[in-house]
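These notes are about the structure you will find just below.
No value in this document is a laboratory result; all are computed from the given coordinates. These numbers were taken from a predicted model, which means no experiment stands behind them. Neighbour counts run over all protein chains shown; Cβ positions are idealised from the backbone, glycine included.
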Amino acid sequence: MATEQQNRLQQESLKQDRLKDDPTQGQNPDELEHAAGRDRENLEGWIPTLASDEEIRLALEKAFDYRGDVTITRKDGSEVSGYIFDRRHGATLADSAVRVIPAKERTKLTIPYTDIAALHFSGRDTAAGKSFDAWVKKYWEKKAQGVKDISIHPENLD
């Protein structure tokens, strides 16, 4: 009798340990599939204020995470539109830079933070929206119509 009670206590203890390792254990998997996603800030068209060093760093960090083109206006008045694919953080703005692939060239430019007068999130954010949800909806519509060999192509980014 005591051994049976010890076994039950041991099993309960193991179950509690598993719940600590995986908090989703024992929950309905269908409900887990619909967990809220990460809200993304809509930056498309935004022109940030670049008055302080902190504002410059913050805006360029957001530009790095942005999945569309940005337009950088340099202090000499020239503009570069393209995709920011890298950034280098230094102790000062002079030691920091962004790396850009211009939209109409096959080069990579390095632009120091100190050369940037303005920033504009000018291109479409290709990662924004519900494109996967739209893709799934189109798939199920075609399947309901009896279409065989369903092939859904992504939307054109141009």
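For the ranges 45-55, 79-89, 111-121, what's the packing order if you count other beta-carbon atoms within 10 Å of each residue, average per peptide, and put the highest first?
My ranking of the peptides, most packed first, is 111-121, 79-89, 45-55.
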*Give me the log10 of I(q) over I(0) for region 42-147 at q = 0.19, 0.22 Å⁻¹, as the Debye formula computes it from C-alpha points; what are the numbers?*
-0.89, -1.14
*asked:* Among Val147, Gly82, Ala134, whose Cα projects farthest towards the positive end of the dipole of region 42-147, with charges put on the beta-carbon of Lys, Arg (+1) and Asp, Glu (-1)?
replied: Val147
*Residue order, fewest to most beta carbons within 10 Å, for Lys148, Lys138*: Lys148, Lys138
*Using a Förster distance of 30 angstrom, determine the FRET efficiency expected from the C-beta separation of Lys143 and Arg67, and round it to 0.05.*
0.50
